[in-house]
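Data block below; observations after.
All of the numbers you see were taken from the coordinates with simple rules; none came from a lab. Here the structure is a predicted model, which means the values were calculated and not measured. For neighbour counting, all protein chains shown are included, and Cβ atoms are generated from backbone atoms with ideal geometry for every residue, glycine included.
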There are 2 protein chains.
Amino acid sequence: MSLPKKIRIVEVGPRDGLQNEKKVISTELKAQFIRDLSDTGHQTIEVTSFVRPDRIPQMSDAKELFPLVRDLDKSADLVCLVPNLKGLELAASLGVKEIAVFTASSDTFNQRNINATISQSFERIEPVIKEALNQGMKVRGYVSTAFGCPYEGYVNPEKVREVAKRLEGLGCYELSLGDTVGTGSPLSVSRALDLILKDIDVSKIALHFHDTRGMALANIMKGLEYGVSVFDASAGGLGGCPYAKGATGNVATEDLVYLCQCLGIDCGVDLDKLTHASRRMLSELGKPTTSKFLQAYSNAKDANESLYLPTP
Amino acid sequence: MSLPKKIRIVEVGPRDGLQNEKKVISTELKAQFIRDLSDTGHQTIEVTSFVRPDRIPQMSDAKELFPLVRDLDKSADLVCLVPNLKGLELAASLGVKEIAVFTASSDTFNQRNINATISQSFERIEPVIKEALNQGMKVRGYVSTAFGCPYEGYVNPEKVREVAKRLEGLGCYELSLGDTVGTGSPLSVSRALDLILKDIDVSKIALHFHDTRGMALANIMKGLEYGVSVFDASAGGLGGCPYAKGATGNVATEDLVYLCQCLGIDCGVDLDKLTHASRRMLSELGKPTTSKFLQAYSNAKDANESLYLPTP
């Protein structure tokens with residue numbers, strides 16, 4: 001197996017994770033959580049999103065939250081999701097240096113999610129990317145439903161390639177292909193990458209898996225085998241899936257860090273500190289983790305037992 | 001990706017699964033469970049074990065249970081675990097046609113599990129295999145702790161190869177390499193298979209993963225890529241891990257069947273019937289499933305929603 005020696009994790013717990021948690025967390029606790037995460041060694045943290053407060057209440061404190069964590073940008077890239085020029089303006093005024101924009105590879109999903117076809121969504125995104133780049137920001141692009149759509153089911157990888165290429169062309173430095181509903185498999189990941197890597201250098205591709213059906217680690221493994229070296233994950237597996245009631249959210253960062261440990265891949269994240277950060281937030285939310293590894297790790301720690309961590 | 005077109009699942013829920021469940025299930029309910037499982041299309045079901053009743057209370061009704069399901073051997077191989085000649089004699093008297101014997105690739109584990117070194121365990125197993133073969137039975141061999149030991153941690157794949165080869169030499173038609181504590185990874189699976197397949201034909205190898213750390217599907221995927229076509233799994237993820245409190249047991253059969261669905265591999269098991277069997281037993285045990293896929297499937301079914309199942 002030829003795998004990357006090193007990967008970068010994009011920690012999306014504070015945004016994609018918390019956004020899908022019903023219990024609203026105070027701004028102070030969110031800031032603490034982001035500090036805890038930064039302390040693990042994370043190089044990239046998606047901290048919040050500047051969306052309409054009435055649409056996603058959990059993110060309505062973005063303009064109060066960001067200033068509380070801004071100083072962390074000395075050691076980590078702090079990404080903020082931005083849907084439109086208004087959001088960008090606010091982000092810029094607060095000193096945000098990196099934004100993420102999003103669209104999907106399924107028209108039905110985009111219509112229901114943001115009331116715009118893919119084509120219409122680009123009309124919104126283009127000026128945002130342009131202006132952000134003008135201001136010297138970095139821009140990350142999300143392609144949602146890249147491995148399946150909650151409404152259409154199958155998504156043609158040609159569509160994913162087309163959308164990713166367009167985002168790249170507009171100036172996104174990284175394209176995060178999102179398995180929004182967790183219906184991706186090692187086969188669909190393989191097929192999509194076979195196609196997309198013809199046009200886009202693998203160093204620009206990130207994979208963003210939801211573990212709704214328990215397939216995330218197998219999919220990440222396939223991505224690693226293709227040389228992908230950036231993966232999104234959520235501390236403790238925070239989050240859920242609005243399209244599948246009671247389902248698991250993003251792959252847990254712990255699962256990914258543990259996989260790296262087993263494979264001898266450097267991801268720069270301290271596992272013990274990470275589990276501390278996750279458990280503190282899970283306890284606030286009053287919910288158990290969805291990560292089997294974190295469960296095993298926590299059980300061992302609580303019993304003062306040492307946990308065998310394989311080394312390659 | 002070159003993968004097998006077809007695999008066989010060894011359903012171990014009634015034995016390895018239930019054995020690790022505290023709540024004792026009545027013999028009638030076990031028989032019903034096995035009938036339900038047979039009805040899914042399963043070709044191989046491990047139904048019980050003929051061990052000392054005081055050691056594993058859940059298995060103490062083996063001699064009452066087997067006659068209740070014996071007629072199913074028209075459509076499926078019914079495997080019974082047998083630790084010694086006494087167990088074999090009892091099994092034979094009941095008309096058992098296939099047994100499984102077990103040892104480990106870690107001396108410490110074997111000492112603590114069955115109070116015998118690996119070498120001593122072979123002294124017990126050899127006459128059992130010989131006699132079973134004499135009586136025309138098929139014999140399956142388990143190699144426990146093949147990817148990690150709860151006491152020793154790392155297990156050298158050379159040891160696994162040696163033990164597997166010896167079992168094969170004694171006449172076992174299939175060698176099931178067991179990740180007893182769930183510390184295997186795609187890398188350790190790959191390393192073990194690189195070595196073992198030098199000596200043993202891939203058609204004789206089965207992989208038996210516990211999902212204690214959420215790595216089972218990634219490991220199975222790696223096994224499939226090596227051409228392995230037999231996998232053990234437990235309906236609904238029944239079971240646990242005596243070496244990791246509160247941990248997950250065998251990989252859920254539903255997870256494996258779903259992976260096969262995604263990859264276009266024929267496993268001969270009806271997913272809907274399988275979830276019915278699992279949910280009935282989980283409800284008896286009063287516990288939720290550990291399978292994220294089964295959870296998503298059940299949620300959709302309960303809400304009368306259709307679940308998108310990818311096809312290759």
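Descriptive notes on the structure:
- Here segment B:1-103 is treated as a sphere whose radius is the Kirkwood value from Cα pairs; by Stokes-Einstein at 37 °C and 0.692 mPa s it diffuses with a coefficient of 235 µm²/s.
- Set the Cα radius of gyration of segment B:8-302 against 2.2 N^0.38 Å, with N its number of residues, and you get 0.91.
- Residues whose amide H lies under 5 Å from that of B:A104, counting only those 5 or more places away or on a different chain, are B:S144; hydrogens are built 1.01 Å from N in the peptide plane.
- Modelled FRET efficiency - R0 30 Å, B:L90 with A:N299, Cβ distances, 0.05 increments: 0.20
- Spacing of the two label points (7 Å from each Cα toward its C-beta) at A:E152 and A:Q120, in nm: 1.5 nm
- Short-range pairs are left out: with C-alpha atoms under 8 Å and at least six residues apart, the relative contact order of segment A:1-85 is 33 percent.
- Remark: segment A:212-227, residue by residue, has Karplus-estimated 3J(HN,Hα) of 3, 10, x, 9, 4, 5, 5, 5, 4, 4, 5, x, 4, 5, 8, x Hz, where x stands for each Gly or Pro and the curve is 6.51 cos²θ - 1.76 cosθ + 1.60 at θ = phi - 60°.
- Couplings 3J(HN,Hα) of segment A:78-88, computed from phi: 9, 9, 10, 6, 9, x, 7, 5, 4, x, 5 Hz, in residue order, whole Hz [Karplus 6.51 cos²θ - 1.76 cosθ + 1.60, θ = phi - 60°; x for Gly and Pro].
- Segment A:8-302: antiparallel DSSP beta bridges as a percent of all, rounded to 5: 5 percent
- Sequence-ordered 3J(HN,Hα) estimates for segment A:89-98 from the Karplus curve with 6.51, -1.76 and 1.60 and θ = phi - 60° stand at 4, 5, 4, 4, 5, 9, x, 5, 10, 9 Hz, glycine and proline given as x.
- Within the protein assembly as shown, percent of DSSP bridges classed antiparallel, to nearest 5: 5 percent
- Segment B:140-201, Rg to Rh (Cα coordinates; Rh as Kirkwood inverse mean 1/r): 0.95
- Members of A:K74/A:K273; A:K30/A:K222; A:K6/B:K292; B:K30/B:K97 lying beyond 23 Å, as alpha-carbon distances in this model show: A:K30/A:K222; A:K6/B:K292
- Charged-residue dipole, Cβ positions (Lys, Arg, Asp, Glu), segment B:8-302 about Cα centre, Debye nearest 20: 460 debye
- Cysteines having no other Cys beta carbon under 4.7 Å from their own, within the protein assembly as shown: A:C80, A:C149, A:C172, A:C241, A:C262, B:C80, B:C149, B:C172, B:C241, B:C262
- If only the Cβ of Lys and Arg carry +1 and only the Cβ of Asp and Glu carry -1, the dipole of the protein assembly as shown around its Cα centre is close to 220 debye.
- Dipole of segment B:8-302, positive end: most advanced residue of B:A206, B:L72, B:A104 [Cβ charges, Cα centre]: B:A104
- Relative contact order computed over chain A (Cα-Cα under 8 Å; 6+ residues apart), in percent: 20 percent
- Between copies, the label points at A:D201 (set 7 angstrom from Cα along Cα-to-Cβ) are spaced 4.9 nm, reported in nanometres from shortest to longest.
- Each Cα pair under 8 Å and six or more residues apart adds its sequence gap; the mean of these over the residue count of segment A:37-151 is a relative contact order of 24 percent.
- Selection from B:S144, B:S234, B:V12 lying farthest towards where the dipole of segment B:8-302 points positive, charges on Cβ: B:S144
- Placing pseudo-labels 7 Å out from each Cα toward the beta carbon at A:R55 and B:L309 gives an inter-label distance of 3.6 nm.
- Over chain A: helical MRE at 222 nm, DSSP H runs n ≥ 4 each giving -39500 (n - 2.57), nearest 500: -12500 deg cm²/dmol
- Gap separating the Cα centres of segment A:125-151 and segment B:37-71, nearest whole Å: 56 Å
- Scanning residues 5 or more positions from B:E174 or on other chains, those with amide H under 5 Å from its amide H are B:G141, with H placed 1.01 Å from N in the peptide plane.
- Counted over all Cα-Cα pairs of the protein assembly as shown, pairs farther apart than 37 Å make up 35 percent.
- Taking a point 7 Å from the Cα of A:K165 along the Cα-to-Cβ direction, the residues of segment A:198-213 with backbone N closer than 11 Å to it are A:198-200.
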